[in-house]
Amino acid sequence: MSRAVKRAFKYRFYPTGEQAAQLSRTFGCVRLVYNMALQARTEAWTQRRERIGYNATSALLTGWKKTDDLAFLNEVSCVPLQQALRHLQTAYTNFWARRAKHPTYKSKRRSRRSAEYTASAFRWREGTLTLAKMSRPLDIVWSRPLPAGCTPSTVTVSQDPAGRWFVSLLCQDTVTPTPAAGMVGIDAGLESLLTLSTGEKVTNPRHERADRRRLARAQRDLARKQKGSANRAKARLKVARIHARIADRRRDHLHQLTTRLVRENQAIVIEDLAVANMVKNHRLARAIGDAAWRQLRTMLEYKTAWHGRALIVVDRRFPSTRLCSTCGALAERMALGVRSWTCPCGAVHDRDVNAARNLLAAGLAVTACGDDVRPQRGTSRTGRSSAKQETPRATTGIPVL
Ligand SMILES: [Zn+2]
């Protein structure tokens with residue numbers, strides 16, 4: 001049985017000078033409107049204990065556009081500005097539900113430069129995309145085809161710190177799950193990126209070590225440049241380019257891996273790792289720094305949902321490392337440097353393979369007796385994953401599966 005899913009397809013594009021200027025202006029207005037609405041909401045709460053919602057901020061926006069100081073807001077499409085108010089509303093909803101921190105102001109340099117257009121603000125005709133307030137379609141590089149007959153419902157334009165332009169098209173797509181028999185446990189490794197219960201070790205993407213060296217050098221160069229100088233701007237762009245390359249390779253690598261795992265297995269068992277705790281350890285910081293594990297989990301969440309697979313998240317208190325996967329005895333705590341150990345029963349374990357096998361066993365116990373090893377937070381997070389696939393943010397940059 002095939003199921004309908006919302007899926008985002010992301011492409012690079014090359015704007016004309018005029019389009020780039022228009023989009024930069026739009027990004028600036030989106031940031032300004034978001035920050036002004038955030039300020040209005042914060043003030044209403046701190047000064048009058050009043051909660052103002054999306055509708056109130058929308059009315060404020062109409063007012064701002066009529067003032068002389070903010071008349072320039074009329075020069076860009078109103079839809080991305082409205083969407084910024086909706087994003088703020090979502091941020092508040094997550095804050096009230098204790099899923100997120102209080103929203104913060106968007107900064108010119110550090111925040112993502114993006115603008116979201118809904119159907120009324122773009123024209124989609126025979127594979128060409130024209131945004132509101134623009135006369136010509138975007139010059140998109142169709143690196144992979146859109147599903148046949150697909151019409152995007154939402155379009156998000158963004159520019160990364162390396163200066164590259166992207167457009168993400170949210171489309172309705174259908175996925176036909178095919179049955180798979182396997183079940184696999186995955187352990188976040190120390191030396192290798194991941195270890196599977198099959199004994200397979202997944203290494204970091206190729207060239208990553210060299211890229212990291214280059215990054216460190218570029219960052220040192222940047223630190224030596226004078227503030228505000230043209231050379232500093234150049235050095236900053238260089239750092240951003242290396243960052244982007246590392247992130248791109250890492251994401252491609254994880255996409256290939258998660259796609260394969262979801263295709264081969266009916267159930268996947270992972271550990272509910274607290275990334276904040278892991279980063280405190282400096283040996284791990286490098287491996288976890290770019291949030292590879294969180295990215296992997298997000299990908300597994302929506303891909304398993306699409307394909308009707310089970311993702312079993314085991315409580316982080318489960319002693320996956322110390323348990324002997326042969327006899328079930330619990331060993332003493334061991335230092336991070338211990339790569340292999342021998343159980344009194346005689347079994348010699350590779351630390352990570354043993355942990356992955358224990359996760360698999362815990363997952364099998366869950367599927368066998370309907371037991372739930374997921375902690376409260378994990379339950380709600382995986383529970384939301386079916387809703388998550390409706391939002392464009394959760395599904396950007398998905399490869400063909
Ligand atoms: Zn043993």
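The values are calculated or read from the model by the stated rules, or taken from the named source; none is laboratory data. It should be emphasised that the depicted structure is a prediction, and the values quoted were computed from it without experimental measurement. So basically every Cβ, Gly included, is an ideal-geometry build from the backbone, and we count neighbours across all protein chains shown. With ligands, DNA and RNA removed, areas are computed over all heavy atoms of the protein, side chains included. Shrake-Rupley method; radii C 1.70, N 1.55, O 1.52, S 1.80 Å.
Which number in (1) more than 16 Å from the ligand (Cβ to nearest atom); (2) open to solvent by 40 Å² or more (accessible area, probe 1.4 Å); (3) modelled with pLDDT of 80 or more; (4) in contact with a helix residue (DSSP H, G or I) (Cβ under 6 Å, 6 or more places away or on another chain) marks the one condition that V279 misses?
Only one criterion in (1) more than 16 Å from the ligand (Cβ to nearest atom); (2) open to solvent by 40 Å² or more (accessible area, probe 1.4 Å); (3) modelled with pLDDT of 80 or more; (4) in contact with a helix residue (DSSP H, G or I) (Cβ under 6 Å, 6 or more places away or on another chain) is unmet by V279, namely (3).
Assuming S120 fulfils every condition listed in (1) in a loop (DSSP other than H, G, I, E, B); (2) exposed (fewer than 13 other Cβ atoms within 10 Å of the Cβ) apart from one, which condition is it?
Single failed check for S120: (1).
A quick yes/no check of all residues on (1) surrounded by 15 or more Cβ atoms within 10 Å (Cβ to Cβ); (2) in contact with a helix residue (DSSP H, G or I) (Cβ under 7 Å, 6 or more places away or on another chain); (3) not aliphatic (A, V, I, L, M):
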site: E208; (1), (2), (3): yes, yes, yes
site: A218; (1), (2), (3): yes, yes, no
site: G228; (1), (2), (3): no, no, yes
site: N231; (1), (2), (3): no, no, yes
site: A240; (1), (2), (3): yes, no, no
site: R245; (1), (2), (3): yes, yes, yes
site: R249; (1), (2), (3): yes, yes, yes
site: I268; (1), (2), (3): yes, yes, no
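For segment 9-18, check the following and say yes or no: at least one residue is within 29 Å of W142 (Cα to Cα) and acidic (D, E).
Residues of segment 9-18 within 29 Å of W142 (Cα to Cα): 9-18.
Next cut, acidic (D, E) only: 18.
Yes, there is a match, as at least one residue in segment 9-18 is within 29 Å of W142 (Cα to Cα) and acidic (D, E).
I'd like the full set of residues that are part of a loop (DSSP other than H, G, I, E, B), more than 16 Å from the ligand (Cβ to nearest atom) and among the small types (G, A, S), limited to segment 297-325.
Narrowing segment 297-325 to residues part of a loop (DSSP other than H, G, I, E, B): 307-309, 315-322, 324-325.
Right, trim to more than 16 Å from the ligand (Cβ to nearest atom) and you get 307-309, 315-318.
G308, the sole residue that qualifies.
Can you name every residue in segment 237-256 that is closer than 18 Å to R109 by Cβ and in contact (Cβ under 8 Å) with a residue 40 or more places away in the chain? Let's see the steps before the verdict.
Taking segment 237-256 and keeping what is closer than 18 Å to R109 by Cβ, we get 237-244, 247.
Of everything in segment 237-256, those that are closer than 18 Å to R109 by Cβ and in contact (Cβ under 8 Å) with a residue 40 or more places away in the chain turn out to be L237, A240, R241, H243, A244, A247.
Taking segment 327-343, which residues are touching a strand residue (DSSP E or B) at 6+ places or on another chain (Cβ under 8 Å), within 10 Å of the ligand (Cβ to nearest atom) and assigned to a loop (DSSP other than H, G, I, E, B)?
A329, A331, C343
Checking G182 against (1) out of contact with any Asp or Glu (no Cβ under 6 Å at 6 or more places or on another chain); (2) over 17 Å from Y11 (Cβ atoms), which single condition isn't satisfied?
Unmet for G182, out of (1) out of contact with any Asp or Glu (no Cβ under 6 Å at 6 or more places or on another chain); (2) over 17 Å from Y11 (Cβ atoms): (1).
Find the residue count for segment 69-78, including only residues that are open to solvent by 20 Å² or more (accessible area, probe 1.4 Å) and within 19 Å of A56 (Cβ to Cβ). Spell out how you get there, then give the answer.
First, pick out the residues of segment 69-78 that are open to solvent by 20 Å² or more (accessible area, probe 1.4 Å): 69-72, 74-75, 78.
Checking the rest, the ones that are also within 19 Å of A56 (Cβ to Cβ) come to 70, 78.
Residues in segment 69-78 being open to solvent by 20 Å² or more (accessible area, probe 1.4 Å) and within 19 Å of A56 (Cβ to Cβ): 2 in total.
Can you tell me which condition V33 does not meet? The list is (1) under 30 Å from the mean Cα position of the chain (by Cα); (2) open to solvent by 50 Å² or more (accessible area, probe 1.4 Å); (3) aliphatic (A, V, I, L, M), and all the others hold.
Tallying (1) under 30 Å from the mean Cα position of the chain (by Cα); (2) open to solvent by 50 Å² or more (accessible area, probe 1.4 Å); (3) aliphatic (A, V, I, L, M), V33 fails exactly one: (2).
Restricting to segment 183-206, give me the number of residues that are acidic (D, E), surrounded by fewer than 17 Cβ atoms within 10 Å (Cβ to Cβ) and either touching a Gly at 6+ places or on another chain (Cβ under 6 Å) or touching a residue at least 40 places away in the same chain (Cβ under 8 Å) (or both). Quick ask: steps written out before the conclusion?
So the first thing to find is which residues in segment 183-206 are acidic (D, E), and the list is 187, 191, 200.
Pick out the ones that are also surrounded by fewer than 17 Cβ atoms within 10 Å (Cβ to Cβ) and you get 191, 200.
Still in the running and either touching a Gly at 6+ places or on another chain (Cβ under 6 Å) or touching a residue at least 40 places away in the same chain (Cβ under 8 Å) (or both): 191.
Here the count works out to 1.
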